[in-house]
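Student: Please read through the structure below; I'll follow up with questions.
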Amino acid sequence: MAKYRREQKKNFLKKIVGLFPFIIFCLAFEFVPIFILVRDSFSLKSGDLTLQHYQSAFEPTYLKGFWNSIKLSGVTALIGTFLGAGIGYQIFKWPNKKIQSTLITLSDVTTNFAGAPLAFGFIIILGSAGVVTKFLLNTFHWKIYPDFSIYSFTGLILTYVYFQLPLMVLLIIPAFSGLRQDWREAAQNLGANKMEYWRNVGIPILMPSMIAGYMLLFANAFGAYATAFTLTGLRLPLITMQIGSAISGEVMREQGHGQALAVISLLIMGACIAIYQMGTNKARKWSGH
Amino acid sequence: MAYLTLADISKNFNKNPAVEHFNLDVEKGKLVSFLGPSGCGKTTTLRMIAGFETPDSGVIELDGEDISNIPPNKRNIGMVFQSYALFPNMTVLDNICFGLRMHKMLKNQIVPKAREVLDLVRLSDTANRYPNQLSGGQQQRIALARALAIEPRVLLLDEPLSALDAEVRVVLRGEIRRIQTNLKITTIYVTHDQEEALSISDRVVVMNKAHIEQVGTPQEIYREPKTKFVATFIGTANEFHGSVCGKDSVKSAEFLIKTNNASLFADGDEVFALVRPEKIDVYSYKPENIDGNVLEGLVDTITFRGAETRLGIDIGEKVITADVPGKDVFSYGQRVWVAFDSNACQVLK
Amino acid sequence: MKTPTKGPVFLRFLIVSLFVFYMLLPIVATYLFSLATRWDRSIMPEGYTWEAYQTAFNLSYFRITLKNSLILSIASCLVSFIIIVPTVYLTQINFRKFRPLLDLLMIIPFAIPTVVLALSYVRVYTFQPITRSPFLLIMATVVYTMPFMYRSVSNSVDAVDISVLTEASQSLGGDLWNTLTKVIMPNIYPGILSGMLLVFATVFADFTLAKLITGAHFKTFPMLLVEQTQIDGNVAAALSVISFTLAWGISMVLLWFSSKASKSKKAQPSDKAYIGK
Ligand SMILES: Nc1ncnc2c1ncn2[C@@H]1O[C@H](COP(=O)(O)OP(=O)(O)OP(=O)(O)O)[C@@H](O)[C@H]1O
Ligand SMILES: [Mg+2]
């Protein structure tokens, strides 16, 4: 009996050994760093516990950073969700399948055009010496600067929406195809007109996908760094910029406030991804898979 | 006066006929089933009645009124979908209430009415669950309840049981029949399961390749098939291909089959003589004094099926299928004689 | 069934055209700008030249950054492969109950902003020779791309019921090595390969992690690109084009793959959410 148990134990060990690289990797490069990050955000250099870093995270500079990030993510995710859903619907309904799949491929490919190349693309068009800017100035004597600026919050919105839109299109098209024909027919059969179908059945069934889409888009914008960095440098404070600065030590302070900012960002992103996950799970369950 | 009339309905998809010259009268309160192989146009016909497809030609009348131009949501024809099509975002009760709300029923009457039909399908305790928390059979019954709640003028069921286990199917088809008879609701039931069609219908419409082969009571369909297709599609039949020879026999390559039913045909007409397996007696000796057909052969296959045993008997030219009582014992390769009455033999073109 | 009326058709056309215009505008502008001689007085460039590309190739950092980025991307692909493929396989075979846990573990990096990941590495690994090293950067990119590498692999593993295949192979006398190389791999490699391609494209385009973790010690292609946006627009455009064309090529290969490998499901849109941002 004892021997058998020992055998079993050996077997189990043999089986689990194969998972060690992964476990060690996750510990070393995911959990321990994050754990220490959280710990540091609560402790002083001396090792004492403190909330001081969180207090400094709520200083006006950082509040501004959070507010800008949330505003930017919220607005571009909103625009992205609704415009993207609308465009996605039109693509979904496109009668010619060839053109339809070309449009989907376009959305797929443009998601690769992000970060620095994207920001620079918009600088080429609408920067202070941009092609369109100059063209409007030379041809129509219309000076769009400084009323408009691509290096401003508006410019960031324009640029972020660029990567939000195709992502939403790609997310929502499966949701539209998940709307089963026979739900529509069943609704009609039970006396619903088109409007009543959408209000009672179509939109509620799309809702989890829409919410999931919004959350993913929000997280997508919230965590972005390269696009804004290229476009605005450090002029327009976003929270990711401020955390970045904390790394390079551009702001000399008691270490720890960067960690506090990071932990708060982590919580925001975590919430978004959790809701995103719940939404997609629900949508998957409803579509029967 | 028929309650639902389909007059010369035709429908093509991209020039391919899905339904051709379909004529049918359904009486009020009856259950009529559409039976036929896959792709023969059953669903298409049903969808035309529900209003999801428009016939290319022909008229559909319900209670004396041409409904061809009424949109589906105004027809008040209930439909149960093969996939149930329950709304996943609503509870069972909300699903059932949906149709009532769309029909602008008074608010305080909706829930009681919904509970009433839920009782009817014996699932009152599932009212607050979501469809994905129900078994297939339960979902099917909720779909039925939802369609019944609006008190439809006609109830359409498109292979409502095809996704379920054999056992559940038998129970549920009885349930559907019970409810249908109690409510006296005119029903069209699509299936490709012949046993299902024969067991629950008042009348059966056998379809093949977009047209109707035969309409009749289950007994008529089984006992007096009008076409070879019906005879072979419903149940099993042994067929002898040959030509009419005299008033009372069909001559095939090797056999002369005696029959009482050849008088409708002229001498020399190409026909099929058909015999059902259960009409055939099998003897281990050569039977004497039999007025009919006797053929000699060897037992080729034996399939025990409980109360009866199905034998395949090789008679040289072909293998004959015969059902014998389960207690009779035969062995492979045994020499036997098959006999069937000349009355039992149908002749069809 | 009903033919749509003219109004919605026109509206659909308009909406989709505007979308396509918006999507193509910065891309086309970048391509043209990289080739333009002068482009500030007219709606189209006045002339075309390869000069910006020549300048770009001759930049002292061009080769080094390109090489660094390629090394980084390839190394991340390999590490990702080594970490994830055996794990998914072994979990599926021996610890199937824990698959949901693995699913959860693998989605976590999605919730970590890249700057936060960078910050935590820089603060934890402060000792030589690891601190701010390319090695650390590779680990970061592997964590960062883990969710979609995992999804590609797990989808293809799920698609072919790996445990049944393994048992079948074992019952026929195959040892672990034979089982893996002759039975399992041929069945799941399209998923793995498409996952690795996605990892490659993402890591190649990454700016944030490289800038914040290694900084100037180990300069990558996107860092050169960002630097050039401040110096010479045409050269920056040329670098953009090179970088985007590469990513685009990989995307096309990916699409081709997912259409070929009908068994393994398509990469999910969310997998591409974070590329290069
Ligand atoms: N929307 C459609 N477009 C084109 N062809 C169709 C369409 N719907 C049905 N058909 C064709 O019409 C024919 C009849 O189809 P129908 O669905 O009515 O068959 P069915 O008898 O219900 O078959 P099953 O038992 O498989 O459900 C088939 O050949 C089918 O391919
Ligand atoms: Mg059908």
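Student: Select from the stretch B:296-349 those GluC sites (Glu not before Pro) which occupy a DSSP coil region and have at most 12 other Cβ atoms within 10 Å, ordered by residue number.
Tutor: Counting only loop positions with at most 12 other Cβ atoms within 10 Å, none of the GluC sites (Glu not before Pro) in the stretch B:296-349 qualifies.
Student: Kirkwood Rh and Cα-based Rg: tell me the resulting Rg over Rh for the stretch A:1-41, rounded to two decimals.
Tutor: With Rh from the inverse mean 1/r over Cα pairs, Rg/Rh is 1.33.
Student: With the dipole of the stretch B:1-130 worked out from charges on the C-beta (+1 for Lys and Arg, -1 for Asp and Glu) around the Cα centre, which of B:ALA18, B:PRO112, B:ILE77 lies farthest toward the positive end?
Tutor: Sorting the options by dipole projection puts first B:PRO112.
Student: Given contacts defined as C-alpha pairs under 8 Å and at least six residues apart, what's the relative contact order of the stretch B:4-232, whole-number percent?
Tutor: 28 percent
Student: Same structure, new question: With a 10 Å cut-off between alpha carbons and a GNM built on chain C, which of C:LEU11, C:LEU224, C:LEU72 moves the most?
Tutor: Of C:LEU11, C:LEU224, C:LEU72, the most mobile in the Gaussian network model is C:LEU11.
Student: ³J(HN,Hα) across the stretch B:119-130 via Karplus (A = 6.51, B = -1.76, C = 1.60, θ = phi - 60°), whole Hz, x for Gly/Pro?
Tutor: Running phi through 6.51 cos²θ - 1.76 cosθ + 1.60 with θ = phi - 60° gives 4, 4, 8, 6, 10, 4, 6, 9, 3, 9, 8, 9 Hz.
Student: Long-range amide H contacts for A:LEU236: which residues qualify at under 5 Å (H placed 1.01 Å from N, peptide plane, sequence gap of 5 or more or a different chain)?
Tutor: none
Student: Name the residue, out of A:PRO208, A:PRO33, A:PRO237, whose mean-square fluctuation peaks in a Gaussian network model built on chain A with Cα pairs under 10 Å.
Tutor: A:PRO33
Student: Okay, moving on. Under the rule of at least 5 residues apart or a separate chain, name every residue whose amide H is placed under 5 Å from the amide H of B:GLU213.
Tutor: Long-range HN contacts for B:GLU213: B:VAL206, B:MET207, B:ASN208.
Student: Ranked by Cβ crowding within 10 angstrom, fewest neighbours first, how are C:PHE62, C:PHE10, B:PHE22, B:PHE233 ordered?
Tutor: Exposure proxy ranking, most exposed first: C:PHE10, C:PHE62, B:PHE233, B:PHE22.
Student: If Lys and Arg each add +1 and Asp and Glu each add -1, what is the summed charge of the other residues whose beta carbon sits under 12 Å from the beta carbon of A:GLN188?
Tutor: Overall, the nearby charge balance is +2.
Student: Another question, then. What dipole magnitude, in Debye to the nearest 20, does the protein assembly as shown give about its Cα centre under +1 on Lys/Arg Cβ and -1 on Asp/Glu Cβ?
Tutor: The calculated dipole for the protein assembly as shown is roughly 3060 debye.
Student: Any idea what log10 I(q)/I(0) is at q = 0.23 Å⁻¹ for the stretch B:1-135, Debye with uniform C-alpha scatterers and no solvent?
Tutor: One equal scatterer on each Cα of the stretch B:1-135 leads to -1.32.
Student: Can you give me the long-range amide H partners of B:TYR3? Hydrogens built in the peptide plane at 1.01 Å from N, cutoff under 5 Å, separation of 5 or more residues or another chain.
Tutor: B:VAL26, B:GLU27, B:LYS28
Student: Under 18 Å Cα to Cα from C:LYS211, which aspartates and glutamates show up? Leave out anything in the same chain fewer than 8 places away.
Tutor: Hits, sequence-local ones excluded: A:GLU250, C:GLU227.
Student: For the stretch A:200-270, what is one quarter of the convex hull surface built on the Cα atoms, given in nm²?
Tutor: Directional mean of the projected Cα hull area for the stretch A:200-270 stands at 6.0 nm².
Student: Please list, by residue number, every one of the chymotrypsin sites (Phe, Trp or Tyr not before Pro) in the stretch C:105-203 that is coil in DSSP and has at most 13 other beta-carbon atoms within 10 Å.
Tutor: Passing both the DSSP loop test and the Cβ count: C:PHE127.
Student: Classify chain C as rounded, prolate or oblate from the Cα gyration tensor: take a ≥ b ≥ c as the square roots of its eigenvalues, call it rounded if a/c is under 1.5, otherwise prolate when a/b beats b/c and oblate if not.
Tutor: The shape class here is oblate.
Student: Which whole-Hz couplings ³J(HN,Hα) result when phi for each residue of the stretch B:223-239 is put into the Karplus expression 6.51 cos²θ - 1.76 cosθ + 1.60, θ = phi - 60°, listed in order with x for Gly and Pro?
Tutor: Using θ = phi - 60°, the values come out as 7, 10, x, 8, 10, 4, 4, 4, 4, 8, 6, 8, x, 10, 9, 8, 10 Hz.
Student: Also, quick follow-up: Roughly what % of DSSP beta bridges within the protein assembly as shown run antiparallel, to the nearest 5?
Tutor: Of the beta bridges lying entirely in the protein assembly as shown, close to 75 percent run antiparallel.
Student: How much net charge surrounds A:TYR89 when only other residues with a Cβ under 15 Å from its Cβ are counted (Lys, Arg +1; Asp, Glu -1)?
Tutor: Within the 15 Å Cβ shell, the charges total +4.
Student: Taking 7 Å along the Cα-to-C-beta vector as the label spot, tell me the A:THR61-B:ASP328 distance in nanometres, rounded to one decimal.
Tutor: Roughly 10.2 nm, to one decimal.
Student: Could you go through the stretch B:40-51 in sequence order and give the Karplus-derived ³J(HN,Hα) for each residue, using 6.51 cos²θ - 1.76 cosθ + 1.60 with θ = phi - 60°, rounded to whole Hz, and x for Gly and Pro?
Tutor: 8, x, 5, 4, 4, 4, 4, 5, 6, 5, 6, x
Student: Taking A:LYS15 as the anchor, which lysines have their alpha carbon closer than 27 Å to its alpha carbon, excluding any fewer than eight residues away along the same chain?
Tutor: Here the lysines satisfying the reach criterion relative to A:LYS15 are A:LYS3, C:LYS97, C:LYS182.
Student: Take chain A, connect every pair of alpha-carbon atoms lying under 10 Å apart with a spring to form a Gaussian network, then pick out the residue of A:GLN242, A:GLN181, A:GLN164 with the largest mean-square fluctuation.
Tutor: A:GLN181
Student: Taking 18 Å as the cut-off for C-alpha to C-alpha distance, list the pairs among B:LYS15/B:LYS226; B:LYS247/B:LYS349; B:LYS28/B:LYS184; B:LYS11/B:LYS228; B:LYS251/B:LYS349 that go past it.
Tutor: B:LYS15/B:LYS226; B:LYS11/B:LYS228, as the Cα separations exceed 18 Å there.
Student: Could you give me D for chain A, from Stokes-Einstein at 25 °C and 0.890 mPa s, where the hydrodynamic radius is the Kirkwood radius over C-alpha pairs? Units µm² s⁻¹, please.
Tutor: Diffusion coefficient, whole number: 108 µm²/s.
Student: Would the protein assembly as shown count as rounded, prolate or oblate if I go by the C-alpha gyration tensor, calling it rounded below 1.5 in a/c and otherwise prolate when a/b exceeds b/c, oblate otherwise?
Tutor: Prolate is the answer for the protein assembly as shown, as a/c is 1.5 or above and a/b outweighs b/c.
Student: Under 19 Å from the Cα of A:LYS143, which lysines turn up, not counting those fewer than eight places away in the same chain?
Tutor: Correct list for A:LYS143: A:LYS134.
Student: Only Cα pairs under 8 Å and at least 6 apart count here; give the relative contact order of chain A as a rounded whole percent.
Tutor: Reported as a whole number, the value is 29 percent.
Laboratory data are not the source of any read-out in this text; all were calculated from the coordinates shown. In this text, all values refer to a predicted model and were calculated from it rather than measured experimentally. Neighbour counts run over all protein chains shown; Cβ positions are idealised from the backbone, glycine included.
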